[in-house]
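The values are calculated or read from the model by the stated rules, or taken from the named source; none is laboratory data. Owing to the predicted nature of the structure, the values given are computational and were not obtained by experimental measurement. Cβ coordinates were reconstructed from backbone atoms using ideal geometry, including for glycine residues, and neighbour counts include every protein chain displayed.
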Amino acid sequence: MKKTFLCLFIFCACFLYSQEGILNIKDKPNDDGSALILSWDTTQIQPANIIIERETPNGEFVKILKSEEITGSYEDGTNIDPKNIYTYRITAYNNIGEIIHISKSKAKTSAQWFDKDKISLLILASLITLAILYYIFSAKSGKELFIRKIGGLESMDESVGRATEMGRPILFIPGTLDLDDMQTIAGLTILRRLAQKAAEYDSKLIVPVCRSMVLSTAKEIVKEAYMKAGRPDAYDPDSVFYLTDDQFGYVAGVDGIIVREKPAANFFLGAFYAESLILAETGFSSGAIQTAGTAMPSQLPFFVVACDFTLIGEELFAASAYLSKDPHQLGSLKGQDFGKAIFVVILTIGIILEISGIHFLKDFLTIH
Amino acid sequence: MKRKLPLFITFTVGIILIISEFIPHKPFGQLSGELEIWFLIISGFAILLGQLSLFKVNILKIQFKQRDWQFYIITLLSFITMVTIGFLWGTGKSPGILGHGESISSVMGYKPFDYLFFNVYQHLQATMFSLLAFFIASAAYRAFIGRTLESNLLLIAAVLVMLGNTSLGVFLTSWLPNSLSFLHLPNVSEFIMTYPTTAGQRAIMIGAGLGIIGSSLRIILGIERSYLGGE
């Protein structure tokens with residue numbers, strides 16, 4: 001009799017234990033404590049469908065989802081606060097709508113102070129940052145750094161000189177994105193050097209922009225450049241002006257300027273989309289010497305074909321440092337080169353490991 | 001102070017944003033999104049500056065009767081018309097100060113703003129975009145003239161990709177046995193687009209990414225100050 005009770009007890013315990021695992025809830029890792037991950041496995045009871053509900057503060061259960069899947073998971077991120085305990089209820093129904101199982105589970109949310117998924121990003125970013133800082137301070141200590149020549153930037157003086165000789169203006173386009181894009185900022189840093197040269201050579205500069213924020217920044221930059229060149233009187237506040245935010249409206253406006261004013265030198269430096277070829281081809285047909293630079297890979301071929309000089313990707317960001325000849329800034333370029341060397345090594349090792357069937361490096365570098 | 005304050009703000013915000021990338025805990029996790037909203041608010045105010053600039057430049061050109069000054073009148077009239085009818089009768093589901101203008105909409109089919117948007121603006125936009133077709137042809141002609149080894153390679157790759165995407169490409173290599181299926185033009189085209197092209201694009205992206213890191217560090221540390229008008 002005792003043995004029978006013992007067996008029955010063990011059976012019930014096993015059954016209850018197995019039932020507990022139907023709905024599992026855990027805190028979403030690497031987040032701010034605003035989500036829970038619910039997973040269910042109903043293979044043992046084979047329901048027709050399940051309903052998962054969440055308990056509200058007043059004790060009622062509100063439906064979160066209904067599913068016909070036997071197993072699955074769901075991320076609940078609606079109205080979830082960190083450091084709170086949330087109770088969920090799973091109800092399983094058979095084909096005729098009868099409840100065959102009902103159970104509750106609870107979990108506590110927590111916010112993390114470090115996103116472990118981004119550890120590879122942190123290591124790589126730290127390495128590159130340290131390399132850049134090291135080269136900046138090396139340059140500061142007087143160490144001579146070799147920087148290869150960038151044709152597009154070397155030609156800037158030539159372009160401004162040509163415009164001066166021909167008595168025609170210089171056109172500068174800082175891309176079509178706003179000031180929150182790094183390419184626009186890179187373009188504007190080049191504008192400062194260009195405006196200074198234009199002031200020194202007494203050339204007319206035209207800067208049509210398509211973003212209001214870029215307008216105010218570009219105006220300030222050009223004004224300062226003219227003052228730096230000792231020609232504040234030559235500064236024309238209307239040389240930097242707003243056309244429109246619309247992509248093709250802007251293209252139409254700039255094309256009109258190119259056709260009417262016939263600039264001797266065109267600079268397209270910033271972020272561009274479909275307008276790149278329309279601008280560059282119109283500039284080409286007007287006979288201007290053209291320099292373009294963008295980090296948009298899909299637009300680079302158009303610029304390469306239609307422009308005399310093209311700054312490809314990183315060259316656009318290097319332009320300001322390159323033109324300034326400031327050792328601090330040149331040091332950062334060497335740091336970037338070190339970053340490239342790191343990437344070459346990682347890519348080579350990664351290719352070898354992947355071919356060998358070892359996926360450790362790929363998994364480590366993948367940010368989920 | 002005029003220089004130091006922006007540099008201090010740039011440094012502080014830059015460092016906090018970098019740190020927040022790795023800290024999901026509040027308030028760091030939401031900082032990036034919050035600052036984007038700030039940017040949008042400032043941009044909203046800056047739009048007024050843009051409109052003032054547009055007016056000033058165009059009025060000056062009309063005043064001094066510069067070359068083709070009549071076109072600048074059209075620009076200003078178009079601007080004023082769109083703004084006025086947008087204010088009066090609204091756009092889409094948003095009402096204007098005179099409501100939705102049902103009587104006008106019943107005649108035109110749309111609200112006046114939407115009518116001009118769909119029947120004038122969109123067509124002008126499409127016209128500008130369609131210019132690309134002609135510009136691509138002229139640019140491609142120059143790119144494909146075989147002068148150097150590189151331009152010859154570009155020409156060959158371009159012809160293979162173009163043929164591979166047409167029925168002629170399928171027809172030309174359909175006689176090849178299955179053992180040589182990798183030489184079928186559609187497969188060659190796919191290979192060029194998937195491997196060499198993607199590899200080249202990713203190399204540019206990696207270089208640009210490093211450039212962005214370098215430029216950002218220069219700006220955050222105050223080494224690069226051109227955007228403030230300084231050295």
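In this structure, B:L48 qualifies as among the hydrophobic types (A, V, I, L, M, F, W, C), within 25 Å of B:V120 (Cα to Cα), in contact with a helix residue (DSSP H, G or I) (Cβ under 9 Å, 6 or more places away or on another chain) and surrounded by fewer than 13 Cβ atoms within 10 Å (Cβ to Cβ). When segment B:207-227 is filtered for residues that are over 22 Å from A:K340 (Cα atoms) and either without any contact (Cβ under 8 Å) to a residue 60 or more places away in the chain or facing another protein chain (nearest Cβ under 7 Å) (or both), the ones remaining, listed by number, are B:S226, B:Y227. Kindly indicate whether any position in segment B:212-223 is farther than 30 Å from B:L5 by Cβ and of a type in the set (V, I, T). Among the residues of segment B:212-223, not one is farther than 30 Å from B:L5 by Cβ and of a type in the set (V, I, T), which makes the answer no.
The set of residues in segment A:77-99 being surrounded by 15 or more Cβ atoms within 10 Å (Cβ to Cβ) and either among the charged types (D, E, K, R) or part of a strand (DSSP E or B) (or both) consists of A:Y86, A:T87, A:Y88, A:R89, A:I90, A:T91, A:A92, A:Y93. Figure legend. Inter-residue proximity from segment B:48-65: first residues within 10 Å of chain A (Cβ to nearest Cβ), second residues of a type in the set (D, E), beta-carbon distance below 9 Å, spacing 6+ or different chains. Indicated pairs: B:G50/A:D245; B:S53/A:D238; B:K56/A:D238; B:V57/A:D238; B:L60/A:D238; B:K61/B:D68. A single entry from B:I73, B:I16 fulfils the requirement of being among the hydrophobic types (A, V, I, L, M, F, W, C), over 21 Å from B:G222 (Cβ atoms), away from every other protein chain (no Cβ under 12 Å) and in contact with a helix residue (DSSP H, G or I) (Cβ under 9 Å, 6 or more places away or on another chain): B:I73.
Of A:L177, A:L133, A:L122, A:L188, all but one fail to be in a helix (DSSP H, G or I) and either crowded, with 17+ Cβ neighbours inside 10 Å or touching a Lys or Arg at 6+ places or on another chain (Cβ under 7 Å) (or both); the exception is A:L188.
When B:L163 is tested against (1) modelled with pLDDT of 90 or more; (2) under 24 Å from A:M296 (Cα atoms); (3) out of contact with any Lys or Arg (no Cβ under 9 Å at 6 or more places or on another chain), only condition (2) is not met.
Yes/no per residue for (1) buried (at least 24 other Cβ atoms within 10 Å of the Cβ); (2) in contact with a Lys or Arg (Cβ under 9 Å, 6 or more places away or on another chain):
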site	(1), (2)
A:G256	no, no
A:R260	no, yes
A:G270	yes, no
A:T282	no, no
A:T294	yes, no
A:F303	yes, no
A:C307	yes, no
A:L347	no, no
A:I367	no, yes
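Scan segment A:191-209 for residues that are under 14 Å from A:D157 (Cβ atoms) and assigned to a loop (DSSP other than H, G, I, E, B) and jot them down. If the condition is that a residue be under 14 Å from A:D157 (Cβ atoms) and assigned to a loop (DSSP other than H, G, I, E, B), then A:S203 is the only one that fits.
Return yes or no: is B:F45 more than 8 Å from chain A (Cβ to nearest Cβ), part of a helix (DSSP H, G or I) and modelled with pLDDT of 90 or more? No: the conditions fail for B:F45. The helices (runs of 4 or more DSSP H) falling completely within segment A:254-368 that include 3 or more residues that are of a type in the set (V, I, T) and more than 9 Å from chain B (Cβ to nearest Cβ) map to A:327-355.
Of the candidates B:S138, B:S174, B:S151, B:S130, the single residue that is part of a loop (DSSP other than H, G, I, E, B) and of a type in the set (S, T, N, Q) is B:S174.
Here's a check for you: in segment A:138-153, which residue that is away from chain B (no Cβ under 11 Å) and part of a helix (DSSP H, G or I) is surrounded by the fewest Cβ atoms within 10 Å (Cβ to Cβ)? Here the residue is A:G151. Does A:T43 satisfy the criteria of being within 39 Å of the chain's Cα centre (by Cα), in the same structural domain as A:H101 (by TED's automatic domain parsing), modelled with pLDDT under 95 and not basic (K, R)? No: the conditions fail for A:T43. Among the residues here, B:F28 qualifies as modelled with pLDDT under 90, surrounded by 15 or more Cβ atoms within 10 Å (Cβ to Cβ) and out of contact with any Gly (no Cβ under 9 Å at 6 or more places or on another chain).
In segment A:310-345, the qualifying residues are those that are surrounded by fewer than 21 Cβ atoms within 10 Å (Cβ to Cβ) and aromatic (F, W, Y), and the one that is modelled with the lowest pLDDT is A:F338. Out of curiosity, is A:S203 of a type in the set (S, T, Y), more than 30 Å from B:I42 (Cα to Cα), crowded, with 22+ Cβ neighbours inside 10 Å and more than 14 Å from every other protein chain (Cβ to nearest Cβ)? Here the answer is yes, as A:S203 does meet what is asked. Entry remark, segment A:213-228: residues being more than 10 Å from A:R192 (Cα to Cα) and either among the β-branched types (V, I, T) or facing chain B (nearest Cβ under 7 Å) (or both) number 5 in total.
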